[in-house]
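Notes to accompany the following structure.
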There are 2 protein chains.
Amino acid sequence: MDHNNLPLNDIYAPENRIYVATDCIIFGFDKGILKLLVFERRVEPFKGTLSLIGSFVKPNEAANEAARRVLKEITGLENIFMEELKTYSNIDRDPGARCISIAHYALIRIDDYDKELVAKHDAIWCEVDKLPKLVLDHDLMIEDALNRLRRKARFYPIGFELLPKKFTIPQFQNLYEAIFQKTLDTRNFRKKLMSLKLLIPLNEKDKSGSKKGAFLYKFDYKKYKRLEEKGFNFSLFKN
Amino acid sequence: MDHNNLPLNDIYAPENRIYVATDCIIFGFDKGILKLLVFERRVEPFKGTLSLIGSFVKPNEAANEAARRVLKEITGLENIFMEELKTYSNIDRDPGARCISIAHYALIRIDDYDKELVAKHDAIWCEVDKLPKLVLDHDLMIEDALNRLRRKARFYPIGFELLPKKFTIPQFQNLYEAIFQKTLDTRNFRKKLMSLKLLIPLNEKDKSGSKKGAFLYKFDYKKYKRLEEKGFNFSLFKN
DNA sequence: ACAAAAGTGTTCTTGGTACACCCATGC
DNA sequence: GCATGGGTGTACCAAGAACACTTTTGT
């Protein structure tokens, strides 16, 4: 900071402080549908309306620590893919007080989380394209998060974070079709995906999706990390 | 925000407030070299050291407004390409007080700005790969900004923001070579650039770079905006 | 006349895209 | 035996990569 070259005591005036919060856009993928974990307010203000899950950033934590704390409180999960999205800081975004929010988005394996915790916090999974109007600027956050997810999933293998650890190729294709809202050619998708050589084939089939059953795979994180450092371009399609 | 479903009066406790600042990573391009506008502190703390240019976010402005205000105070420029980079919020990042910074990066035409203003604020242009250690976590911010610039310049035509409004193809290629730290094939670069059909040729030459002189062009912002809405992929090379 | 940068085409290779049928199984 | 989703190969086309010489002009 420069603070216009003022000495310390002029800068750090308490009235310059602002409430800092974080809101989490938590994505999940269930039965071919992309979902968001949202939250129904039990108390005023905005009682009964939906909002994202969030919290103030406390004096003893960084913004991303706050986001992870929130995520853990609601889902019980740790070590989740989570990234800072963007800061929302319009002066009138929160009618209660001047408050900025540093939004984060997370991708979780929808069958991994603690259902009791989720229920206890009045959190519900809502399909992304059937969301009602949310509180404050949370709609905007979600829109931004979706765009970010699309851009990111296109160039980085973060899609795997939304699938079970063992997954099938058709599941993976469904996920991408849900994220990008378009159908993809099975043969080309497979061919490209396999050419990356980042899937470890397992000798098991998942029969939940069809009678024939589809082979299960694991994503090779270690190999990807190695390739990534050398500037590897994970990208499953062009347009 | 959820604030754990607490009523209002428990949430908005003044001690939850934090100092919020913004720091600006201001890129310029001059004579084939990528530069940063940094700032030499005249007063304690950190007197004599270099830092980015920043300020607190004031009660009546959003974070991006604060960043634009700072940019204008130092360079006199408005309507500049500027984007939020990332929030820096480690609890001990600023020894003076708990203070988070919402960093922004900007691209300016280095011959456009107000040199008197810059001088008055003890700001100096410093080559990006000859930067000394800066104050606090500003080195980290710069590293992040450089990575962001590279990713962004690869897929969006933001490079033009660093060049004069009238520029030559060789200038443009030099810029990309400076950003990506590698040499590019002249013929392929030109071919690709021209195939995008986003440059308006002018019937003038710039002779500052050679005896022969190189033709000047303007970037067609309007056309780009139209194409962008339809999902246009500006990208000058692959690897 | 020579130095220094601008400008220009072709070939090869890679990778994307389009497209249709057989397979395995549970019911 | 049939319905359902899983799995496979080929031909065409577009775009990237490699590569060397001529042009212009100031000195």
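Every number here is computed from the coordinates shown, using simple stated rules; none is lab data. This structure is a prediction, so every number in the text was calculated from the model and none was measured. A quick note on method: Cβ atoms are made from the backbone with ideal geometry, for glycine too, and the neighbour counts reach across all protein chains shown.
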Cut-off under 5 Å, modelled amide H: who pairs with B:Val57 long-range:
B:Val20, B:Ala21, B:Thr22
For B:Asp30, what residues show an amide H to amide H distance below 5 Å, using hydrogens built from the backbone and excluding near sequence neighbours?
B:Lys35
Step through the table entries A:Lys205/A:Lys238; A:Lys182/B:Lys230; A:Lys152/B:Lys223; A:Lys133/B:Lys225; A:Lys130/B:Lys86; A:Lys238/B:Lys166, compare each Cα-Cα distance with 24 Å, and write down the pairs that go over it.
A:Lys205/A:Lys238; A:Lys152/B:Lys223; A:Lys133/B:Lys225; A:Lys130/B:Lys86; A:Lys238/B:Lys166
Explain nothing, just compute: Karplus ³J(HN,Hα) = 6.51 cos²θ - 1.76 cosθ + 1.60, θ = phi - 60°, for every residue of region B:141-156 in order, whole Hz, x for Gly and Pro.
4, 5, 4, 4, 5, 5, 4, 5, 4, 5, 4, 5, 5, 6, 10, 9
For the rotation that brings chain A onto chain B, whose beta-carbon in chain A is nearest the axis, and what is that distance in whole angstrom?
A:Arg17, 2
Please list, in chain and number order, the residues 5+ apart from A:Phe46 or on another chain whose amide H is under 5 Å from its amide H, with Hs placed from the backbone.
none
When Cβ neighbours within 10 Å are restricted to other protein chains, what is their mean count per residue of peptide A:79-92?
4
So for region A:163-229, averaging the separation of alpha carbon pairs under 8 Å that are six or more residues apart and normalising by length, what relative contact order in percent results?
36
Residue span B:Glu65 to B:Arg190: 0.36 nm per residue of separation minus Cα-Cα distance leaves a gain in nm of 41.2 nm
Residues of type aspartates and glutamates that A:Lys212 reaches as a straight line, Cα spacing below 15 Å, ignoring anything fewer than 8 places off in the same chain
A:Glu204
Between region B:34-55 and region B:179-228, what is the C-alpha centre distance in whole Å?
35
How far is A:Arg69 from the same spot in each other copy, in nm, shortest first, if each label point sits 7 Å from Cα toward Cβ?
2.9
In sequence order, what are the phi-derived ³J(HN,Hα) couplings for region A:44-57 according to the Karplus relation 6.51 cos²θ - 1.76 cosθ + 1.60 with θ = phi - 60°, rounded to whole Hz, with x for glycine and proline?
5, x, 6, 3, x, 8, 8, 8, 6, 9, x, 5, 5, 7
Just counting partner chain Cβ atoms within 10 Å, what average do the residues of peptide B:40-48 show around their Cβ?
2
In Å, what Rg and Dmax follow from the Cα atoms of region A:9-154?
15.5, 57
Rounded to the nearest 500, what is chain A's calculated 222 nm mean residue ellipticity when only DSSP H runs of at least 4 contribute -39500 (n - 2.57) each, over all residues?
-9000 deg cm²/dmol
With θ taken as phi - 60° and the coefficients 6.51, -1.76 and 1.60, list the Karplus ³J(HN,Hα) couplings across region A:192-209 in order, rounded to whole Hz; mark glycine and proline as x.
5, 4, 5, 5, 6, 6, 10, 10, 9, x, 10, 8, 10, 10, 9, 9, 6, x
Taking B:Lys197 in one copy and the same position in all the others, each labelled 7 Å out along Cα→Cβ, what are the pairwise distances from the first, in nm, shortest first?
4.0
How big is the charge dipole of chain A about its Cα centre, in debye rounded to the nearest 20, if each Lys and Arg gets +1 on its Cβ and each Asp and Glu gets -1 on its Cβ?
1720
Taking only Cα atoms of the protein assembly as shown, radius of gyration then Dmax in Å
24.6, 76
Using only the Cα atoms of region A:163-229, build the gyration tensor, take square roots of its eigenvalues as a ≥ b ≥ c, and label the shape rounded, prolate or oblate: rounded if a/c is under 1.5, else prolate if a/b is larger than b/c, else oblate.
oblate
Cα-projected label distance for B:Ala97 with B:Asp122, points at 7 Å along beta-carbon direction, nm:
2.0
Using a label point 7 angstrom from Cα along Cα-to-C-beta, what distances in nm, from shortest up, separate A:Glu177 from the other copies?
4.8
By average Cβ neighbour count within 10 Å, what is the ranking of B:120-131, A:198-209, A:65-76 from highest down?
A:65-76, B:120-131, A:198-209
